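The values are calculated or read from the model by the stated rules, or taken from the named source; none is laboratory data. Small disclaimer: the values here were computed from a predicted structure and weren't measured. Cβ coordinates were reconstructed from backbone atoms using ideal geometry, including for glycine residues, and neighbour counts include every protein chain displayed. Protein only, heavy atoms only, side chains kept; ligands, DNA and RNA dropped before computing areas. Shrake-Rupley method; radii C 1.70, N 1.55, O 1.52, S 1.80 Å.
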Amino acid sequence: MVMVDYELKKKVMDANIHDALKYCYQCNRCTDVCPVADLAPNRYNPRNLILNSFLGLKENIFGGDDSFNIWGCTMCDTCDEICPQKIELTGVFTVLKNMSIAMGEAPEYYTIQASAIYDSGKAIPPQPAIERRREQL
Amino acid sequence: MAKVEEYKLFPGCTIGNRIPFIEASARKVFDKLGIKTSDAAFACCPDPVGFNSVDHTSWLAMGARNLTLAEAEGKDILSLCNGCFQTLKLVNVELNNNEHEKEKINKILKVVGKEFQGSINVKHFVEVLHDYGPDKIKEFVTHDFSGLKVACHTGCHYNRPSEIVQTDDPMEPVKLRELVAATGATPIDYSEEMLCCGSGVGNTEEAPSMQLLANKFSSAVKAGADVFVVICPACFQQMDTNQKKAGTQSNNEFKIPILYLTELIALSFGMNPDELGLKFHRARLTEFLTKNGFK
Ligand code: SF4
Ligand code: SF4
């Protein structure tokens, strides 16, 4: 049986993308231009992510063997630019990533960087050696 | 919108705390051109790829806090980095066009005694230099860079999403090319000009990241590029430090200098490579400098 997650549906529909999402007609232009889908077509597919998001098919998105299907995105924003329906795909992907973090499925890099920012206000804390180099220039 | 007499300079964490020589070159170029900047107690922008993926609301709140510092002085922000630029611009536009979000964020900011107004603009340094005018920049050029073939790489967050950032054409940007041409060098065409450097996916997995980078390098080398010129510190680090890995990934050997736009402009103004800290580049510049008449 297919489980529809209405919470997920609501979140992606609300994500500052107005109601554009429901006009996705699965034309696949996003996947055509995606450089990551080009390299790893079986592991990353933005069109699929959009489809599963607006259908609320949470199990097709989360809880897989690895989370590359969400975190493979290199954030180049090319899909946003190309989508004939003007859907801001990366806005939806941000919702999915925030959820993936909350479920503890995200790559380490993201949680480590976030702790640094919460702690010091900087993603990359100042280092004495670099400070010295900075003074000299 | 704020008056453009002086900008609040936003160097960002990567430039400020990892690659200070980029900031040095930018400051020297602005000084020479008479573009006035001043500093402020900005925190991390925060990173549009990393931190926004972790928590969108915190990202908005921190970005808005930075904006309020410039608002307090009524000055526009000038960013040296694609990432900071995109974050601050996106936050500014999102909060300006969404009363509900603005209210929510202002409730958070109230705790630290701040309020987002939406009274200033955010600019990328390429926009600022281009507004200044390639022709006017040309007047300061003393070094002969004719014959130097440059692969321009704008990176993704300078010109996309175009409806919001409104800097340049989203898939065929021209401003960087025109600024490079102003130094006397020649911007070349190469097939993967719009390809991402791969830095984003590199946070998740190395192989696809190195493959994107290798594809980019191969295409530029094939087109005869002598150097890359970039305008984003994340692209700079990816391209300057990972040439060996990208080579291993793709059975290639890459040795191509990566220059920040402000470094190329500073050199064209006759500034000395040592005072610019060019020796700190990982992809060596010795050959490029000798070939182009610097000692
Ligand atoms: S390009 Fe837009 S409309 Fe086409 S499949 Fe992708 S999201 Fe849907
Ligand atoms: S932003 Fe992500 S999904 Fe969209 S084209 Fe770039 S890598 Fe692919």
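The table below lists the values:
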| item | result |
| --- | --- |
| Whole-Å distance, taken between Cα centres, linking region B:224-295 and region B:15-73 | 24 |
| Ratio Rg/Rh, restricted to the protein assembly as shown and using Cα atoms, in which Rh is the Kirkwood radius | 0.96 |
| Distance histogram for chain B (every C-alpha pair counted, 10 angstrom bins, percent rounded to whole numbers) | 6, 28, 35, 21, 8, 1 |
| Cα gyration tensor shape for region B:106-217, rounded if a/c is under 1.5, else prolate or oblate | oblate |
| Size of the B/A contact, given as accessible area buried on both chains, probe 1.4 Å, in Å² | 3900 |
| Protection-proxy order for peptides B:246-253, B:160-167, B:140-147, B:208-215, each taking the mean of Cβ atoms within 10 Å per residue, highest first | B:208-215, B:160-167, B:246-253, B:140-147 |
| Percent accessible area from carbon and sulfur atoms, region A:6-106, protein chains only, probe 1.4 Å | 48 |
| Residue-count net charge about A:ASP65 - beta-carbon cut-off 15 Å; Lys, Arg +1, Asp, Glu -1 | -3 |
| Shape of region B:177-283, Cα gyration tensor, a/c cut at 1.5 | prolate |
| Lys pairs under 12 Å by Cα in region B:1-84, provided they are eight or more residues apart or on distinct chains | 5 |
| Straight-distance crosslink candidates among lysines, where the alpha carbon sits under 24 Å from A:LYS97 and sequence neighbours closer than 8 are dropped | A:LYS9, A:LYS10, A:LYS11, A:LYS22, A:LYS58, A:LYS86, A:LYS122, B:LYS89, B:LYS102, B:LYS104 |
| Spacing of the two label points (7 Å from each Cα toward its C-beta) at A:MET3 and B:SER191, in nm | 4.6 |
| Whole-Hz couplings from phi, Karplus 6.51/-1.76/1.60, listed for region B:138-149; x for Gly and Pro | 3, 4, 8, 6, 10, 8, 8, 9, 5, x, 6, 9 |
| Cα-based shape type of region B:7-125, given that a ≥ b ≥ c are square roots of the gyration tensor eigenvalues and the cut on a/c is 1.5 | prolate |
| Solvent exposure ordering (accessible area, 1.4 Å, most first) of A:THR94, B:THR204, B:THR286 | B:THR286, B:THR204, A:THR94 |
| Accessible-area order (highest first, 1.4 angstrom probe) of the listed residues B:SER199, B:SER191 | B:SER191, B:SER199 |
| Whole-Å distance, taken between Cα centres, linking region A:75-109 and region B:142-220 | 23 |
| Carbon plus sulfur fraction of accessible area for region B:238-292, probe 1.4 Å, in percent | 44 |
| Shielded residues, region A:32-81 - accessible-area loss of 40 Å² or more between chain alone and all protein chains, probe 1.4 Å | A:PRO35, A:LEU39, A:PHE68, A:THR74, A:MET75, A:CYS76, A:ASP77, A:GLU81 |
| Mean accessible surface per residue for region B:134-291, computed with a 1.4 Å probe while every protein chain stays in place, in Å² | 40 |
| Under the Karplus curve 6.51 cos²θ - 1.76 cosθ + 1.60, θ = phi - 60°, whole-Hz ³J(HN,Hα) for region A:26-33, x wherever Gly or Pro sits | 6, 6, 6, 4, 4, 5, 4, 8 |
| Rounded accessible area of B:LYS104 (nearest 10 Å², 1.4 Å probe) | 80 |
| Within the accessible area of region B:171-229 (1.4 Å probe), percent carbon and sulfur | 48 |
| Per residue, in Å², the accessible surface of region B:78-121 once ligands and nucleic acids are set aside, probe 1.4 Å | 45 |
| Partners for B:LYS255 among lysines (Cα-Cα distance below 25 Å; same-chain residues under 8 apart left out) | B:LYS149, B:LYS216, B:LYS222, B:LYS244, B:LYS245, B:LYS279, B:LYS291, B:LYS295 |
| In order through region B:236-243: 3J(HN,Hα) via Karplus (6.51 cos²θ - 1.76 cosθ + 1.60), integer Hz, x for Gly, Pro | 4, 5, 4, 7, 7, 9, 10, 5 |
| Sequence-distant residues sharing a close amide H with B:ILE256 (under 5 Å, placed H) | none |
